[in-house]
Amino acid sequence: MSNILSVDCGTTASKISLFNEEGKLLGISTQEYQLITPSSSEVEIEAETLWNAFKAGTGEILAKTKVDPKKIRAVGISAQGETFIPIDKNGETLRNAIVWLDNRAQEESEILDKEFDDEKSFKKTGQVKIVPTWPASKILWLKLHEKKTFERVFKYLLVEDYLIWKMTGEFVSEGSLLCSTCYWDINTKKWWGEMLTFLGVSEDQLPNIRESGEAVGTIKPEVATELGLSSKTIVSTGALDQAAGALGVGNIRPGMFSENTGGALAICVPLKKPIFDPLRRMPIHYFALPNMYMAHTFTTGGMVLRWFRDNFCQQEMYVGARTGIDPYELIDQEVIKVKHGTEGLVMLPHLQGAMAPEIDPRAKGVFYGFTLKHTKAHFARAIMEAIACIVRRNIDVLESLKIKVNEIRVLGGGAKSQVWNQIKADLTKRPVLTTSNAEAACLGAAVLAGKAIGLFKSIEDACDSMVKIEKRFEPNSLNFDVYDRTYERYVELYENLKRMFAKELNKNIV
């Protein structure tokens, strides 16, 4: 049986996994690394750190599984978006990679915003606004602040491109990763010439564009030796981490909706064609399937429950440390005892501003309606219901654009909570499905690699074969009325507090 190695190259850690062609996880290694933060707005990492993490993880996988490297037929990649790496003609990195979190290009994004207004940029790239995190803004920053480096750039690479180049020597990228560069046209699937001209970048300085799930080439012999792999192993084009995660839970057809509740909450909805929201609430990305797109956005997620755990659940953390039980499981055991609708307690989970669909950086977190009868468990349940309200509100936006949502597939840490999954099913009135493999992004990368080497005729066939549904949470109609009232109060609470949020910002109250 053939095996596939995949890497999910994240912001502070890479996960390297080995799967067989049936989607069974044979081994996994997590390699953490530190970001470099020269200032509060600057976030960098040495590109070689990412490569060394992949190399170390691959070595650990080989040692753990004792698999014959010759049986690893392909390598697939899931990668963070926007982090870019400039290299020179000799293949040397010219500076640290500028990470997607980096916010230094404030002025540069404003310059681009004036030159290419939001509406024009949205229709070209699918991104609702030009912001400092996009590579276009960062390249302009490089041009204005590190001119000598800018003049020496031979290629601008993203993280996936960099790993492919390190393994094969080929400069290749793909659409799911390129959408948020703001210099790739989502309609033509070609470089946006007008933006490149303004930046002073030529197409020769950028990778060749391919689809996800295509074979790039074999690993160079000297690199194969370095990694402990076979030089016959094929490297496949991969996908943006969230797109790979969607594949990893089988979210590949219109009508499906996946949400990843981790630190943030990421939403992916496959589309047959780009649908541009006239109110610019919902970004559009290219998907990991050829000629398909996805509505994709981030908003507040599991960080709110983690904040609650860290600050108010010392007892659960104490018990968990001594029994080996996850503190979140202990929180779940209390939450399930609380009535649906939390007896009138409603929360706005905007601890770092509101993202989609409100897009209000001034918003704050709020608990409303608590009385003497409310306990700690009520507050925990209110947080879970608030996140479910965010999911429903985004579904409402999608359906206003005539994008149908029939089922929800969940991944990330939040998917482990059965009570939370049931809350989401009841509040959104849609079935919630979990899958058997917790490493969805790694599995999605393996799906793409499996298609690339011909194990499967298509990405759809690969998903149908490798992704296994574990549990289905059906919405309980007995809870619809109480959750409709919860949702109405949630929306009304935010609408009534919007002006207060704005006033507090103007008064510099933080």
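The values are calculated or read from the model by the stated rules, or taken from the named source; none is laboratory data. Please read these numbers as outputs of a predicted model, since none were measured by experiment. We place every Cβ from the backbone using ideal geometry, glycine too, and count neighbours over all the protein chains shown. Heavy atoms of the whole protein, side chains included, go into the accessibility calculation; ligands, DNA and RNA do not. Shrake-Rupley method; radii C 1.70, N 1.55, O 1.52, S 1.80 Å.
Some points to look at:
- For segment 17-107, the strands (runs of 3 or more DSSP E) that sit wholly inside it and include 1 or more residues that are at pLDDT below 95 are 25-32, 36-39, 42-45, 84-87.
- In summary, strands (runs of 3 or more DSSP E) completely within segment 190-249 and bearing 2 or more residues that are of a type outside the set (Gly, Ala, Ser) and in contact (Cβ under 8 Å) with a residue 60 or more places away in the chain occur at 234-236.
- The listed residue being touching a helix residue (DSSP H, G or I) at 6+ places or on another chain (Cβ under 8 Å) and open to solvent by 10 Å² or more (accessible area, probe 1.4 Å), out of 326, 360, 277: 326
- With respect to the stated conditions, residue 122 fails to be within 22 Å of residue 227 (Cα to Cα), touching a strand residue (DSSP E or B) at 6+ places or on another chain (Cβ under 9 Å), aromatic (Phe, Trp, Tyr) and in contact (Cβ under 8 Å) with a residue 40 or more places away in the chain.
- Test: residue in segment 317-332 that is in a helix (DSSP H, G or I) and within 23 Å of the chain's Cα centre (by Cα): yes
- Restricting segment 125-175 to residues that are basic (Lys, Arg) and free of Cβ contacts under 8 Å to residues at least 12 places away in the same chain, the residue that is least open to solvent (accessible area, probe 1.4 Å) is 147.
- Identity of the residue in segment 176-189, more than 17 Å from residue 143 (Cα to Cα) and in a loop (DSSP other than H, G, I, E, B), that ends up least open to solvent (accessible area, probe 1.4 Å): 186
- The test for being part of a helix (DSSP H, G or I), in contact with a strand residue (DSSP E or B) (Cβ under 9 Å, 6 or more places away or on another chain), touching a residue at least 60 places away in the same chain (Cβ under 8 Å) and closer than 25 Å to residue 328 by Cα holds for residue 441.
- Residue within segment 428-438 that is part of a helix (DSSP H, G or I), more than 22 Å from residue 212 (Cα to Cα) and touching a residue at least 12 places away in the same chain (Cβ under 8 Å) present: yes
- Failed criterion for residue 117 (all others in (1) in contact with a Pro (Cβ under 7 Å, 6 or more places away or on another chain); (2) open to solvent by 10 Å² or more (accessible area, probe 1.4 Å) hold): (1)
- If the condition is being open to solvent by less than 80 Å² (accessible area, probe 1.4 Å) and either farther than 30 Å from residue 25 by Cβ or basic (Lys, Arg) (or both), then segment 450-474 contributes only 451.
- Of the residues 407, 399, 385, 460, the single one that is outside any helix (DSSP H, G or I) and not β-branched (Val, Ile, Thr) is 407.
- For residue 351, the conditions (1) surrounded by fewer than 17 Cβ atoms within 10 Å (Cβ to Cβ); (2) more than 26 Å from residue 431 (Cβ to Cβ); (3) at pLDDT 95 or above; (4) not basic (Lys, Arg) all hold with the exception of (3).
- Every listed requirement among (1) assigned to a helix (DSSP H, G or I); (2) buried (at least 17 other Cβ atoms within 10 Å of the Cβ); (3) not β-branched (Val, Ile, Thr) is met by residue 374 save one, (1).
- Residues located in segment 161-186, provided they are among the polar types (S, T, N, Q) and modelled with pLDDT under 95: 180
- Any chance residue 198 is among the hydrophobic types (A, V, I, L, M, F, W, C) and surrounded by fewer than 18 Cβ atoms within 10 Å (Cβ to Cβ): yes
- Residue 318 surrounded by fewer than 19 Cβ atoms within 10 Å (Cβ to Cβ) and without any contact (Cβ under 8 Å) to a residue 24 or more places away in the chain: yes
- Count of residues meeting criterion [under 22 Å from residue 81 (Cβ atoms), assigned to a helix (DSSP H, G or I) and not charged (D, E, K, R)] in segment 116-148: 10
- Any chance residue 108 is acidic (Asp, Glu), more than 21 Å from residue 193 (Cβ to Cβ) and surrounded by 14 or more Cβ atoms within 10 Å (Cβ to Cβ): no
- Residues being open to solvent by 80 Å² or more (accessible area, probe 1.4 Å) and in contact with a helix residue (DSSP H, G or I) (Cβ under 7 Å, 6 or more places away or on another chain) - total across segment 298-315: 1
- Scan of segment 280-291 for residues that are under 27 Å from residue 382 (Cβ atoms) and either within 13 Å of the chain's Cα centre (by Cα) or open to solvent by 10 Å² or more (accessible area, probe 1.4 Å) (or both), ordered by number: 281
- Looking only at segment 378-392, residues that are open to solvent by 10 Å² or more (accessible area, probe 1.4 Å) and either closer than 18 Å to residue 262 by Cβ or among the aromatic types (Phe, Trp, Tyr) (or both) come to 1 in all.
- Count of residues meeting criterion [at pLDDT below 95 and more than 13 Å from the chain's Cα centre (by Cα)] in segment 292-307: 6
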